[in-house]
Structure formats: C-alpha cells, structure tokens
Amino acid sequence: MFLSNKILAIVTFLYLFLFFIHLIYFATKREKVLGFMWISLYTTFGLHTVGLIARWVESYQMSIGRAPLTNFYESLIFYSWCIAFLLIVMKKRLGFPLMTMFASLIALAFMGYASFSPSVDKNIQPLVPALQSNWLHIHVFTCFIAYAAFAASFLAALFSLFNFGKGVVPPKETLEEVNYRSVVVGFPMLSAGILTGAVWAHYAWGSYWSWDPKETWSLITWIFYALFLHARFARGWKGRRIAILSIIGFISVIFTYFGVNFILSGLHSYGSA
Amino acid sequence: MTATKSNGGEGQAPPSPSFSDQIHSFFSSVSLTIFLFSFIAVASIFGTLIRQQASPQEYLSVYSESTYAILSFLRLDDIFHSWWFMLVIGLLVVNLVLCTLPRFTRLLKTPPISKVPDRKALDAMGLRFTVQGKKLDDVSGMLRGYKTAHTGEDGRVLERGSFGRYGFYMVHLSIILILVGGLIGLLFGFRGPLILNKGETKNAFMVRGSVMKSQPMSFSLKLNEFTLALYPTGEPKDFASDVEVIEDGKTVLRRTIRVNDPLSYKGIHVYQSSYGSNPRFLFDVGGQKVELGQGSVYKKGNLQLLLVRYEKSVHNFGPGVQVTYLQDGEPQTQWFLRDVPKLRERTVMGTPVRLENIKDEFYTGLEVAYDPGVWVVWTGFALILFGLYVNFFIYHRRLYLVEVPGGVQVAGVAFRNREGFKEEFEKLKGRLGCS
C-alpha cells in the first residue's frame, strides 16, 4: 500500500462527506451549510491533487518515474479530479447545489470504484515501452478534460429535463448554455485527444489509425458531438431535443471509456488493468 | 435546397428545377451529411463488434457457415477497407466540398459594411446605451480591440473577431484534407512485418493484406544487435535494434530503432514492433564445437543429426532437444537433456555427441511502412485544431456609434456567442462610465 493510495482513500470518504453535506443543506436550506460545502470541496480537491502528486513522486522513488495517468486505477482517479477541477473553475455557472451534489456523487462513484474494488489494480506498474512517450501526458490530459466537459454537459441536460425549485439548480437558460458551452470546450479537447493519440500511434505502432475499438469508439463519439454542434448552430435546436442529444452523447463517452475496456479488446488494453 | 420563387400573381408556374440541379442539391444537402456521418458511425460500431481481418477459421469458430458467407459477401469482415466504406467516405468528401464552397465564395463576395443601420434598426438592438457629453472620436478611442470598419456622416461601425467567420471553412477543409490524406495512404502506401535475426540482411518485407506478397525496398537492412532490458517484474522495459541501412553495397546509415522512435529513410519508416527468440543448441561432436538451430541438419561423414523438437522443460528435467539420427541403418529419435548428465551425451555411429548448452537468440520484429499521405493528414490535424479554436473562441461582433444630442449612442450586436458578448458589452458600458 502506497501513501498515495491512503490519501486517495481519504479523498473518497471526503466526497462521501460532501454528499452528506448536500443532504443536510436540502433538509435545512441554510446558506451557512452551503458555504461550508464549498470549503469542503476546495479541501477535497486540494487533497486529491496532493494524492496525485504523491503517486507521481512515489513512482520516481520506485525508479519507474512516470505521470499518474497510465492504468485504469489512475484514469479513474484523474477523471474524478477533472470533474472537481471543472466544477471549481466554472463555479460561477455551475455552482448550484444540485449540480455540485451530482458532480461529487459521480466523483465519489469513480473514486470508490478505484479505491475499493478488488478488481482494480492499485499498484504502480512499470510502463511497457509503447507507453514511454511524452505524447502520453497530452493525450490522456486532453481526453479526460473532454470527458469531464461532456459530463458537465450531461448533468446540465439532465437537470433541464426536470422541474426543480428555484435556486436548487441553475435556471433553464443557464443549463442550456452550460450544456452546449461544455460541448464547445469538450469537442476541441476530444479532437485534440484523438489527434495527439493518432500522432503518437504513428510513432509507436507505425500507423496513425488502426481502427482499434478505442479509436473507433472515440470517432463515433466525435461524430456524435459534431452532429450535436450542427443541430445547435446550423439548425438552431434548443430545449428538450438538444438535451436528449447531450445525454445520448454522454452514453457514447461512457462506452468509449469503460465499455471498450471491458467488452472489446484491442491495442488500448492497458487501460483495463 | 434550391429555392424557387415565383414573381407572384402572374399565374406563371415556377420553372421546375432541372435534373442536374436536383443532383447538385442532393449532393450538397445537410441531410446527406447527417446520413453519411450516421452511416459511418453505425458501420464503425459493427466494425468493433465483429472481428476484423481475421482468418476464415476464426470466423467459423464463432459464426455458422451461412452467417460467415453473408459477412464476407457484405465485407463485414473488413469493413474499413471495403468498397462501400470507401464509397461513403468519397461521398462525404464531395458533400463537404459542395456544402462549403458556395458559402465560402459568398463570404468572399460580401462587401465590407458601408453604412450604419438606420434609427429603427438601432433602437431594435437589445444592447445599447448612450454616453453623455462625449464626442464620437473619444468614445471610439476608448474601445480598444475594435477596428473601424466604416466611418462617415451617419456614424461609425467598429468590428472585432471577423476572422472567426473563417473557422467554419478551416474545419471543413481540414476534414477533407484528413480524408484525402488517408485515401492517398490507402492507395499508394504499404506496410508489413520484417523479421531479422542477428547479423541477417534483408531487402524486402511481406506486405500485409488479403494476399501476403513480398515488397522489395530500395535499400537493405542489417541487424547488428538486438537488446532487451527487463524490469525486475520480468516485463519488458526497453527493446531496441541496432541496424544498418545498406544501399548499393555501402552502409549509408547506422542507427538504433526503439519503440516510439522509428527509423525513417527515403520516406520509408521502420518501427520496432516486437521481438522473439529462437533456441540455439551448442553441441560437442567428437571434440568439435557446433552451433545448431531448431530443424537444422548436421552432417559429418556417415554421421547425420536432425534437430526435431525443442522443449523448455521435458518432464521437469529442464530444457532438451529431440534429435533423430541413423544408428547402423536404423532411424532413432532421442532426447538430449541439458541438465541431466546421463541424458546429455550419447554415442552415435561411434562418435560421442554431447549437448553443451542451449541459449536463446533474439530476433527483432520490425514493421516497415510507407505512407505518402501522412503529411496531408498532419496538415489536416493542425488546421482542424486551429479552425476549431477560431470557430468557437473568436466570434464576430460589431459596435455602432452614432452622435445624438448631448452624446454618443452605442449599440452592439454579435453574430455568434450572444451570451458572451452580453457580458463583454456590460464591461464596455462600465468602462465608458455608463453602468
């Protein structure tokens, strides 16, 4: 057991704690609770960052020396981090209690799965030669920022389909704006992720595109969000229709991330261990 | 869509669109774009669910014979290289060109703005305010970042982010470039494995495809040394081939090829993709040291040895090799075990034959690829990222300044990102002291 594993296990409990603070807020509706929630969120995010850095440092102490972005455990940890990061950066637009509650719930699910599932290997494994490349950092980083942006779009779309009380979720117009603006950030990021992956594949495998299941599914997701953007900007789709598109898009993201690892095998198989 | 307008009231039927117009409007329609993209997405899903480019035996172990017949008839066993997938990609290129080009020429022909909209139009703009007690020049001087697009008696038009309008065309052009680059690679490129043993020189490799065929290269490759480094866990840490490029009998280049660091020479890339090992057997035959590989035959006088089979562990007695030989006219097959002294040495036709050692000799698995389209694809990649940035993060907006009694009226309009512009407009208002 590494120190970073312990820190990240504590972070998992902090996300659970955040969820309970939200419940208390919804029970009492007191603004003070909300202020305390934000302080807790910053603390959790800070410790989460420390955990990632600790893992990075520990890999150097083991003379393996690589960024913590290389296996399934680390990708789950990093994805949760990206979601919290986006929540804090976009506090002005996303900072509504139901939004932060669901975002911390998603982070909790991923962190809990990473930290406590026996099927997820938590060791710092050495890197196989194909992964020893600087393209790794930019490729994984852009892909996960895109995934996090699509998660924000998904949450906004989901909330816009239901009627909640005032002040609990952002107003409908804000939700719609968050929905497509997140895609506007996520789509170029996903493009960058696919393209950096292709350039890397050219140098590592000798071909920039091999129709490997991960590549193919990322292309399907890309095509889907391209259709989303055309529906929004060329056809002026709004409201319910654009929200449903966003939800289907996120299902494709989830399949690209998890489904390919577990159901289909391919060149990206290191992501599933 | 070709819009047909009648001049109204004269009872004349509008001319029906000609056949070529109909064809044109079909190929340039957005509906076709959506259909083609959806088709590619669905075909890709099938491509990940059905194994691609496998052997008939592999398919028949999963599917029935009739299902396999359907799969191979529809080319579902190699979707991404099938004629119909190529056709769809080709149609997409045509569609994108026809969608983009007319819009682009229209944009180029748009004359620059030459007048300020009239009072009524300005009053209809949601974003406006009046700066009291300032002259037009003072106000326009304070709006940094905006360029003057028109100035005259009627007022002044300031513009910003008009470059953003080009993002759309860059993205579409880049997709065409990527598809064309991919097509060039598919039509004129080739790739395949090249296996080299230590010291071996080859000037051809096998091209991968439905039929494996040998492809000569304009140069030869010689493997000087293969090195493999392992982690303490036994996993590979690094593997590399020290190779020489030989052209017209002369060594022109000597270099180490690593994973993630290919060799490129005259447009051909050589990648480190795999490695493997062959056992080498060191024998002592009547005092003479000989090194033999699996399947090889050793002859000396009337002594003949054929190395048939190698096992890493023969009944837990360690590694051994099965050797067939003639003993007084009778064929015999015996195991030589390295770690068992009694089974290590035998006398064949009066000559003592002794297995001294077994060692692994590594060979390198290289991948040779030639892809003349790759630079077109790279250009497309760079252009699409730049184009997406321009399209989504630079947006075209205008400010209209008109002198009114006692001050200057400022009105603004954004052609995209209206929410973002609203915030910017509020800030401008604050800067001009009108909040």
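Data for the structure
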item	result
Flag for residue B:87 being surrounded by 12 or more Cβ atoms within 10 Å (Cβ to Cβ) and either out of contact with any Asp or Glu (no Cβ under 6 Å at 6 or more places or on another chain) or away from chain A (no Cβ under 14 Å) (or both)	no
Selected residue [more than 20 Å from the chain's Cα centre (by Cα) and crowded, with 17+ Cβ neighbours inside 10 Å] from B:28, B:55, B:72, B:66	B:28
Count - residues of segment A:201-217 that are on the phi < 0 side of the Ramachandran plot and facing chain B (nearest Cβ under 8 Å)	10
Residue match in segment A:112-119 (condition: at pLDDT below 90, touching a Ser or Thr at 6+ places or on another chain (Cβ under 8 Å) and not in a helix (DSSP H, G or I))	no
Yes/no for residue B:309 being part of a strand (DSSP E or B), surrounded by 14 or more Cβ atoms within 10 Å (Cβ to Cβ) and free of Cβ contacts under 8 Å to residues at least 40 places away in the same chain	yes
Within segment A:218-236, considering residues that are farther than 22 Å from residue B:46 by Cβ and surrounded by fewer than 20 Cβ atoms within 10 Å (Cβ to Cβ), the one farthest from the other protein chains (Cβ to nearest Cβ)	A:236
Qualifying position, being in contact with a strand residue (DSSP E or B) (Cβ under 8 Å, 6 or more places away or on another chain), over 26 Å from residue B:199 (Cα atoms) and not assigned by TED's automatic domain parsing to the domain that holds residue B:197, among B:323, B:308, B:297	B:323
Enumeration of residues in segment B:31-50 that are exposed (fewer than 15 other Cβ atoms within 10 Å of the Cβ) and over 27 Å from residue A:230 (Cα atoms)	B:49
Selection count where residues are within 14 Å of chain A (Cβ to nearest Cβ) and either in contact with a helix residue (DSSP H, G or I) (Cβ under 9 Å, 6 or more places away or on another chain) or in a strand (DSSP E or B) (or both), scope segment B:235-264	15
Scope segment B:386-400; condition surrounded by fewer than 20 Cβ atoms within 10 Å (Cβ to Cβ) and either assigned to a helix (DSSP H, G or I) or at the interface with chain A (Cβ under 9 Å from one of its Cβ atoms) (or both); matching residues	B:386, B:389, B:393
Residue match in segment A:227-241 (condition: under 22 Å from the mean Cα position of the chain (by Cα), of a type in the set (Phe, Trp, Tyr) and modelled with pLDDT of 90 or more)	yes
Sole residue being away from chain A (no Cβ under 14 Å) and in contact with a Leu (Cβ under 6 Å, 6 or more places away or on another chain), chosen from B:116, B:94, B:131	B:131
Conditions (1) farther than 21 Å from residue A:205 by Cβ; (2) surrounded by fewer than 17 Cβ atoms within 10 Å (Cβ to Cβ); (3) of a type outside the set (Val, Ile, Thr): number failed by residue B:222	(2)
Check on residue A:32, loosely packed, with under 13 Cβ neighbours inside 10 Å and not small (Gly, Ala, Ser)	yes
Close pairs from segment A:109-134: first under 10 Å from residue A:74 (Cα atoms) and within 14 Å of chain B (Cβ to nearest Cβ), partner among the acidic types (Asp, Glu) and assigned to a helix (DSSP H, G or I), Cβ under 8 Å, at least 6 apart	A:124/A:58
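One line per residue, one yes/no per condition, for (1) surrounded by fewer than 18 Cβ atoms within 10 Å (Cβ to Cβ); (2) in a strand (DSSP E or B); (3) among the β-branched types (Val, Ile, Thr):
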{"site": "B:318", "(1), (2), (3)": "yes, no, no"}
{"site": "B:321", "(1), (2), (3)": "no, yes, yes"}
{"site": "B:332", "(1), (2), (3)": "yes, yes, no"}
{"site": "B:356", "(1), (2), (3)": "yes, yes, no"}
{"site": "B:368", "(1), (2), (3)": "no, yes, yes"}
{"site": "B:372", "(1), (2), (3)": "yes, no, no"}
{"site": "B:384", "(1), (2), (3)": "no, no, yes"}
{"site": "B:402", "(1), (2), (3)": "no, yes, yes"}
{"site": "B:409", "(1), (2), (3)": "no, yes, no"}
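The values are calculated or read from the model by the stated rules, or taken from the named source; none is laboratory data. Predicted model, so just to flag it, every value in this text is computed and none were measured. Please note: Cβ atoms are built from the backbone with ideal geometry, for glycine as well, and neighbour counts cover all protein chains shown.
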